[in-house]
Structure formats: structure tokens, C-alpha cells
Amino acid sequence: MSVATHALKAGEVARVSGPARIEVVDGEILLVGNIYGRGSNLVVHELRSYSLKALVETTLRVSLGSGGFFGVVDPSTEVIDDWLRVAEVISEDFNLVRKLKVVVVGPPESGKTTLTAFIANYLRGRGLNCCIIEGDVGQEDLATPATIALAVVDKPFIWQRELSFSEFRFVGCISPRNCSSRIIASTVDLVNQALFRGCDAVIVNTDGWVSGRDGVSYKLELIRWVKPTHLVVLDSNLSDLMVKVFREMIKIIRAKPPIQPRIRSREERQRLRSEAYKKYFMNSSVKTLRASKVGLIGMSPLNCVEIPASKLAEMFPELSSIATHIIRACRDEKELALLIKSPPHIGLLETLRNEIYLKYSIKLFVSSVEDLVRCLVGVVGDNMNEVAAGIIEDVRFEEDDILIKLRTPHEGLIKGLISSNIRLDEEYREVRRGE
Ligand SMILES: Nc1ncnc2c1ncn2[C@@H]1O[C@H](COP(=O)(O)OP(=O)(O)OP(=O)(O)O)[C@@H](O)[C@H]1O
Ligand SMILES: [Mg+2]
């Protein structure tokens, strides 16, 4: 670790990359929309970097860990003044609008998360009761990944991970491609919650899926349903498109992306998610639930109406070779779902799938009990609201019921579970799910 003292003139801009600790020895700096004076201590995570501006003559003591960086940079290449302009425009509009709904969009690594924090800090500094919604399921910094969370901004912060969420909606996947409608519904629901709780301003951070026809139409739908007062766009092509579509409806503000963002690798992003799951489940315990007493949302074949074994053999004699493995079977016109003890040979499954499809035009889906264990689920409490997330630790089949052992920090009533396509190993790393 290296420690150095830096003197900055008023107006000078520096860039800091973590791991770093900054102590304001004297003076005042602007960092992520907030002003920090003498005695402030700030920690920059190893995977984050920021620019800061000295507002008066300032002395900083900077400790850098391995890979950290601190240096004075050319202010014209930095985005801090541009972001300040964006925050000022929004703040001034509060006098007209009274309830601000701001959505921040842009491609990956364009600064959405940091600009969201910047605007929130700035508005809070102007006395507004500010809330943020983290709408990026893959990089969820407030609650656990696969959720969309709401936090009241009750203190200055650099990174959303420093805040506590007040509630979240469970989306159940970490890529918006697989769950765009759940993301839109959750975001709209939480924006309404934030306004209901008396927030003057709600700032919504979004994921970076903005390219291709699907990405664009998903983002347009999200915006259409949230109905923001302000749309902040961190990319010039994207802002041209947004202006074309929403010009007459929303105030669109272009913002500059940082020129040298701290790009995170796939592995680093996974590591950040593991840290978030781990933190979330730190104070959890295991509860036993009866499937007959909780609603299972999307957890086929646990929640379906079962076909008795004798009837299954009659309907599909092809399955005789795996009959002893089958725990449950359910079917509708198009699909047959089987839950089996342990996965049979993959070649055998493939043959059965083809045979059944050719003969009955029915798709065969097979999952094993192993596929259910360590799956992330949403926990539903009263009023159909998600009160927590959970991890299925075990599933036991009794004569007339199914026992589910669930790890969750939630201590109250559990009325239902919501499925996800995420499985975690003991170290909270995401592992592939079966079917
Ligand atoms: N002014 C800046 N100068 C340099 N780097 C910055 C600046 N602002 C933010 N960064 C860094 O750039 C990276 C990307 O920023 P950020 O996470 O805000 O972008 P994002 O659009 O939310 O990314 P993602 O698409 O992954 O969610 C982060 O590591 C962040 O710390
Ligand atoms: Mg982000």
C-alpha cells in the first residue's frame, strides 16, 4: 500500500481507481455528486474508478492498494462538469414538476450506475427526498442479483452497495434477455412504491442491453411503462433514437460517458455477484416448508397436477426404461414434464425426447431433484409481495406432500416461492441449471 499527499488547486480534476482510500485533509471536493469537506474519508472499491474535482484549494491524503491509481487529469477530458450540468437541469425542473422520475440509460460500462448515484447525491444535497431503483438484474448493487431493488438515499454514497434497500422485486434471472417483462413490471411497481412512500425524486438505473432490435424495443417498452419526466442518455446514437421516439413526451438529456471507465471482465462481474449473494444470505437460516402450504410460482414439475405412474405408463410406454427414476410427471397438450431422481444417460434422454415428439407432438422436459437444489427463489409474503430471496437446500418427497428446505434471511410468513433460472454453489458462484 502506498500513501501520498496531493495538493489540488481549485477547479483541478483528478481520477481515482480503487482500491483506494481518500482522506480530505483540507478543502472540499465534488465526488459522485456530493461535496466532501475536511475530515471526510472515502473508500473506492478495487473495481471502481471516479473523477473528483477540487472546489477550493484542497489537500488529500490518498492510500492506494495494489492496482490503485490517483492522478490529476485534464478537466476537458473528464465528465464531471457535464454530469453536474445534467444534475442541475434535473434539480431545476423539480420546481416545475414536483415529482421527478428519472431514467438513466446507456450501453455497458457507459457510467449509468455512477451517474445514477451522482444525480441522487446531488438532488439529496438540494434537500430532496430521493430514492433510487437499481434496475440492472445482472449488476444489482442494492439487494441480491436477479432482483430489482428500491433504496431511500439517506446518506451520501459513492457506490450503491453502501446503501440499504427497503424492498425489492424478484426477477429470477441475471440477463434481461430472459426476463424483460418481469423487469418492466418490477420497475414500474417499485417506481410507484417510491412515489407512494413520498420520494420527491426517483432515479432509475437500467441494464446495458440497448443494442439490436430486441434490446432497443425492450428499453423503449421499459421507458413507455415507467413514464419518466427525464431520460438521461449516455450515448449519442441512443440519444438520437430516444429523441426521435420520445421528443414530445419526455425531457431527454444527453450525458457524456467517461472516457476511461474501469472495464470489468466477465469473471469480475461474476465475483461481484457472488459477493452480493454472500452478503445477502449472511444472516439466513434454513426453514422447512410444505409444498401443500405454499404457492409455487413457475416451479414445474413441483407445482403441477400429477399423473399417476400407472396412467403415465399407459400414455407413454416409451418411458418404461426410466420408469423407476420418475418421481413426478405432469403434462398438458404440448409438454410432458418429468422430475426424476437422478439424470439418466444423456443419449437415452435424447432418444426418448425424439420418440415422444415424433409420436405425440409433445415436448419432453426432464429435470432432476439435483437441479432444484441450490436454486435461487423469490419468497412471497403477505399481499403477494416479495419479502426475501431464498435458496432451496433440499427437496424431500413424502407420501402425500413435498418438503422443501429453504435458506432465507426472512423470519415471517411464507406464502409462496418464485422460480429462477439461477443455481448457486456453496461459495455462491452461479452454476449451470439443468432444463
Ligand atoms: N468519471 C469516471 N472516470 C473513470 N471511470 C469512471 C468514471 N465514472 C465511473 N467510472 C468507472 O467506470 C466503470 C463503469 O461505470 P458504471 O459502473 O457506472 O457504468 P455502467 O454503465 O453502470 O456499467 P454496467 O453496464 O456494467 O452496469 C466503473 O468501474 C466506474 O467506477
Ligand atoms: Mg451499472
Do you know which of the residues in the stretch 222-242 that are within 28 Å of SER51 (Cα to Cα) and in a helix (DSSP H, G or I) is most open to solvent (accessible area, probe 1.4 Å)? ASN237
Is the stretch 57-69 home to any residue that is within 16 Å of ligand 2 (Cβ to nearest atom), modelled with pLDDT of 95 or more and not β-branched (Val, Ile, Thr)? no
When every residue in the stretch 172-181 that is more than 16 Å from ligand 2 (Cβ to nearest atom) and assigned to a helix (DSSP H, G or I) is compared, the one modelled with the lowest pLDDT is ASN178
Of the residues that sit in the stretch 258-315 and are within 16 Å of ligand 1 (Cβ to nearest atom) and within 18 Å of PHE170 (Cβ to Cβ), which one is most open to solvent (accessible area, probe 1.4 Å)? ARG273
Which of the numbered conditions does VAL152 fail, given that it passes all the others? Conditions: (1) open to solvent by 40 Å² or more (accessible area, probe 1.4 Å); (2) closer than 24 Å to SER110 by Cβ; (3) touching a Ser or Thr at 6+ places or on another chain (Cβ under 8 Å). (2)
Go through the stretch 182-221 and give me each residue that's on the phi < 0 side of the Ramachandran plot, outside any helix (DSSP H, G or I) and either surrounded by fewer than 19 Cβ atoms within 10 Å (Cβ to Cβ) or within 16 Å of ligand 2 (Cβ to nearest atom) (or both). ARG197, ILE203, VAL204, ASN205, THR206, ASP207, GLY208, TRP209, VAL210, SER211
Residue in the stretch 137-147 that is more than 21 Å from ARG264 (Cα to Cα), of a type in the set (Val, Ile, Thr), more than 9 Å from ligand 2 (Cβ to nearest atom) and at pLDDT 95 or above present: no
Residue check, SER76 against (1) more than 16 Å from ligand 2 (Cβ to nearest atom); (2) closer than 30 Å to ILE252 by Cα; (3) surrounded by 15 or more Cβ atoms within 10 Å (Cβ to Cβ), all met but one. Which one? (3)
Out of ARG98, ARG85, ARG126, report the one residue that is at pLDDT below 95, open to solvent by 20 Å² or more (accessible area, probe 1.4 Å) and among the basic types (Lys, Arg). ARG98
For the stretch 271-295, give me each residue that is in a strand (DSSP E or B) and within 13 Å of LEU406 (Cα to Cα). SER285, VAL286, LYS287, THR288, LEU289, ARG290
What strands (runs of 3 or more DSSP E), lying completely within the stretch 16-133, carry at least 2 residues that are within 26 Å of the chain's Cα centre (by Cα)? 41-44, 49-54, 100-105
Restricting the search to the stretch 148-171, which residues are within 14 Å of ligand 2 (Cβ to nearest atom), of a type in the set (Val, Ile, Thr) and without any contact (Cβ under 8 Å) to a residue 60 or more places away in the chain? ILE148
Residue check: is ALA255 open to solvent by less than 70 Å² (accessible area, probe 1.4 Å) and over 23 Å from ILE174 (Cα atoms)? yes
Does the stretch 99-117 include one or more residues that are away from ligand 1 (no atom under 13 Å from the Cβ) and over 20 Å from ASN192 (Cβ atoms)? no
With respect to VAL245, is the statement that it is hydrophobic (A, V, I, L, M, F, W, C), touching a residue at least 40 places away in the same chain (Cβ under 8 Å) and open to solvent by 10 Å² or more (accessible area, probe 1.4 Å) true? no
Any residue at all in the stretch 403-410 that's of a type outside the set (Ser, Thr, Tyr) and crowded, with 21+ Cβ neighbours inside 10 Å? yes
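The values are calculated or read from the model by the stated rules, or taken from the named source; none is laboratory data. Every value quoted in this text rests on a predicted model; they were computed, and no experiment measured them. Don't worry about glycine lacking a Cβ; one is built from the backbone with ideal geometry, like all the others, and counts go over all protein chains shown. When the accessible area is computed, the model is the full protein with side chains, heavy atoms only, and any ligands, DNA or RNA have been set aside. Shrake-Rupley method; radii C 1.70, N 1.55, O 1.52, S 1.80 Å.
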